[in-house]
């Protein structure tokens, strides 16, 4: 008998009598008067930056200004200008010098400041992690109160990879001192389009 | 092998450091309280999580089969390992097949439990741990002392010395920012070169065949999205039925662990990226046996947040290494006797049974009750130290004979009064770090007979 059969048989023999699966009632969990405000507060509290904007003009200018510096900047958002499709096939070594990436998010979560990004939105799975500075863009209408609401809006089986990102990369592994910029982005800014 | 009490004695020899360790972990516990109490519906959330886990354990075979089927349909190779050795061999085979030399690993307590690094080192293969805390202890050739905060037993001076030796950082520069930056640069090189990334699994979803890995540093992603091969290792209890249940567990996990509302990265892996190969190793290593132990099976509900470590008065004052196992703390003390009862017979006794662990557990494991139950199992199986057994027997003998008990009490009081040095010495374990109580003039029984007994 191979390991698989051995394990599954042992589990079948030892598992307790079936108990029912509870139902999650989204309506009974916390709600916020202003989810946008709550999202901003949470994001700022974890070292991120929230910027509310009325239209995309300021962002377009920001992308152009960044690209003009000659640094390695990646834009993955069509509405902001030319999409840097070529990054989808770049290796880690080629992405190592990535300074900043602009990525559209699907959902923002008010209770924790996280933003969901699908693989197709980041073009290359490494981009949101390997960049020094991360810029996320979400529509205000896509901010939901809790993770329960977030999972109702996304489909984790839709693409090969997806991630909730909440603020910049951090660690407190040395004497519990918080240091921003562990292995991932050193800063995370979320633009919220009103 | 040295037992918890002996190893703790070594740890507490440095009193200021013990106090620091105690306070630091209590601070993490307080952050957890703030996060938990700040979230309306926290108790309902715990109850929901507990029920989902109970349901999952009672349908585990079905969900594991479903998960395997879905993962395979997503192009992932699924392996099954009955024990740690099989787990290590599966990984070694993949390494050999691809002729891999550069390996990075993010935090996985399962690979610690299976001693994967040592196993591969014996085959001449080096694995680089990429979590900052794990890298620090790896340099120092120590095991992690905490499942969430692997280097919590170290001070920044220790880290500075270690990095000076291995990463040539400035001698005496203890700035955490500076030291973290040095590790970032060092590990970036390792990531860029990596051919194989090994990660743990926080949650595996039966419905989709996908799995979630949570980090604050981003190290799991840096490795997994770079390497040509990704192996994710999981104990079979990591399974949950549906993606919507992730909401419940992600809301609880970081709040319970560090007081954060969520970890920086909650990465959802479903399929390998183009050109990549993805494997999942599902490990038993004693878990199916634990599932059959009625009193202890619900330890398999654990989501490894370590809230029970941070709150435990014994853990905080004895340090993770005194538990001599990959998973320390109260939770470790209820899962390790199942894996090796003889080697871990001391662990259920490393507790005051105060119950704080059960109070903070996000999935409502009755940890302190299991500690108490393990004590009886361990004694019944004959794995208790001779001194403890003799003492208990003597105690039982005397307590069963009231006349003898009264005589012994009288003798004890007389000896303590007349020859205090016979009690106040090193042979009396109770006397260590404690003053003996003042001797009462009479026993309660004598007092009662005199005042109320008429």
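In the condition set (1) farther than 22 Å from residue A:188 by Cα; (2) buried (at least 24 other Cβ atoms within 10 Å of the Cβ); (3) more than 8 Å from chain A (Cβ to nearest Cβ), residue B:205 is compliant with all but (3). Note on segment B:266-285: residues that are over 19 Å from residue B:202 (Cα atoms) and more than 8 Å from chain A (Cβ to nearest Cβ) amount to 4. Taking the conditions exactly as written (surrounded by 24 or more Cβ atoms within 10 Å (Cβ to Cβ), at the interface with chain B (Cβ under 9 Å from one of its Cβ atoms) and within 18 Å of residue A:192 (Cα to Cα)), does residue A:101 satisfy them or not? In short, no.
Return yes or no: is residue B:288 part of a helix (DSSP H, G or I) and either within 14 Å of chain A (Cβ to nearest Cβ) or modelled with pLDDT under 95 (or both)? So residue B:288 passes the test.
Checking each residue in segment A:123-146 for being within 11 Å of chain B (Cβ to nearest Cβ), buried (at least 24 other Cβ atoms within 10 Å of the Cβ) and under 25 Å from residue A:41 (Cα atoms) picks out A:128, A:129, A:131, A:134. Taking the conditions (1) part of a loop (DSSP other than H, G, I, E, B); (2) within 17 Å of residue B:257 (Cα to Cα); (3) within 20 Å of the chain's Cα centre (by Cα) in turn, residue B:28 satisfies each one other than (1). Residue check: residue A:155 meets all listed conditions (1) within 9 Å of chain B (Cβ to nearest Cβ); (2) within 13 Å of the chain's Cα centre (by Cα) but one, namely (2).
Counting only helices (runs of 4 or more DSSP H) that sit wholly inside segment B:65-156, those with at least 3 residues that are within 23 Å of residue B:266 (Cα to Cα) are B:109-113, B:132-139.
Looking across segment A:24-52, the residues that are within 13 Å of residue A:143 (Cβ to Cβ) and either facing another protein chain (nearest Cβ under 7 Å) or part of a helix (DSSP H, G or I) (or both) come down to A:35, A:36, A:37, A:38, A:39, A:40, A:41, A:42, A:43. Could you list, in sequence order, the residues of segment B:227-253 that are free of Cβ contacts under 8 Å to residues at least 60 places away in the same chain and facing chain A (nearest Cβ under 8 Å)? The answer is B:243, B:244, B:246, B:247, B:250.
Of the helices (runs of 4 or more DSSP H) contained entirely in segment B:302-377, those carrying at least 2 residues that are outside the structural domain of residue B:109 (by TED's automatic domain parsing), under 13 Å from the mean Cα position of the chain (by Cα) and in contact (Cβ under 8 Å) with a residue 12 or more places away in the chain fall at B:307-311, B:313-318, B:329-339. Annotation note: Cβ proximity below 8 Å between a residue of segment A:78-100 that is at positive phi and a residue that is crowded, with 18+ Cβ neighbours inside 10 Å (sequence gap 6+ or interchain) occurs for A:81/A:63; A:81/A:75.
Of all residues in segment B:203-262, those satisfying the criterion of being in a loop (DSSP other than H, G, I, E, B) and within 21 Å of the chain's Cα centre (by Cα) are B:216, B:217, B:258, B:259, B:260, B:262. Answer yes or no: is there a residue in segment A:12-23 that is crowded, with 17+ Cβ neighbours inside 10 Å, in contact with a strand residue (DSSP E or B) (Cβ under 9 Å, 6 or more places away or on another chain) and either more than 10 Å from chain B (Cβ to nearest Cβ) or part of a loop (DSSP other than H, G, I, E, B) (or both). No: segment A:12-23 contains no residue that is crowded, with 17+ Cβ neighbours inside 10 Å, in contact with a strand residue (DSSP E or B) (Cβ under 9 Å, 6 or more places away or on another chain) and either more than 10 Å from chain B (Cβ to nearest Cβ) or part of a loop (DSSP other than H, G, I, E, B) (or both). Taking the criterion of being more than 8 Å from chain B (Cβ to nearest Cβ), at pLDDT 95 or above and in contact with a strand residue (DSSP E or B) (Cβ under 6 Å, 6 or more places away or on another chain), would at least one residue in segment A:162-177 satisfy it? For segment A:162-177, residues more than 8 Å from chain B (Cβ to nearest Cβ), at pLDDT 95 or above and in contact with a strand residue (DSSP E or B) (Cβ under 6 Å, 6 or more places away or on another chain): absent.
Residues in segment B:421-454 that are part of a helix (DSSP H, G or I) and at pLDDT below 80 were compared, and the one that is nearest to residue B:388 (Cα to Cα) is B:429. Remark: pairs (first residue in segment B:82-98, modelled with pLDDT of 95 or more; second residue assigned to a helix (DSSP H, G or I) and surrounded by 16 or more Cβ atoms within 10 Å (Cβ to Cβ); Cβ separation under 7 Å; 6+ apart in sequence or on different chains) = B:82/A:3; B:82/A:7; B:84/B:113; B:86/A:3; B:88/B:116; B:88/B:119; B:91/B:116; B:92/B:120. Of B:53, B:10, B:89, B:107, all but one fail to be surrounded by fewer than 20 Cβ atoms within 10 Å (Cβ to Cβ) and within 12 Å of another protein chain (Cβ to nearest Cβ); the exception is B:89. Please work out which residue is nearest to the chain's Cα centre (by Cα), limiting yourself to segment A:63-74 and to residues that are in contact (Cβ under 8 Å) with a residue 12 or more places away in the chain and in a helix (DSSP H, G or I). In this case the residue turns out to be A:63. Of the residues in segment B:36-49, how many are part of a helix (DSSP H, G or I) and surrounded by fewer than 19 Cβ atoms within 10 Å (Cβ to Cβ)? So the answer is 5. In the condition set (1) in a loop (DSSP other than H, G, I, E, B); (2) touching a residue at least 60 places away in the same chain (Cβ under 8 Å); (3) surrounded by 11 or more Cβ atoms within 10 Å (Cβ to Cβ), residue A:55 is compliant with all but (3). When segment B:157-202 is filtered for residues that are closer than 26 Å to residue B:101 by Cα, within 29 Å of the chain's Cα centre (by Cα) and in a loop (DSSP other than H, G, I, E, B), the ones remaining, listed by number, are B:194, B:200, B:201.
The values are calculated or read from the model by the stated rules, or taken from the named source; none is laboratory data. For clarity, every value in this text was computed on a predicted model and none was experimentally measured. In this analysis, Cβ positions are derived from the backbone assuming ideal geometry, glycine residues included, and neighbour counts consider all displayed protein chains.
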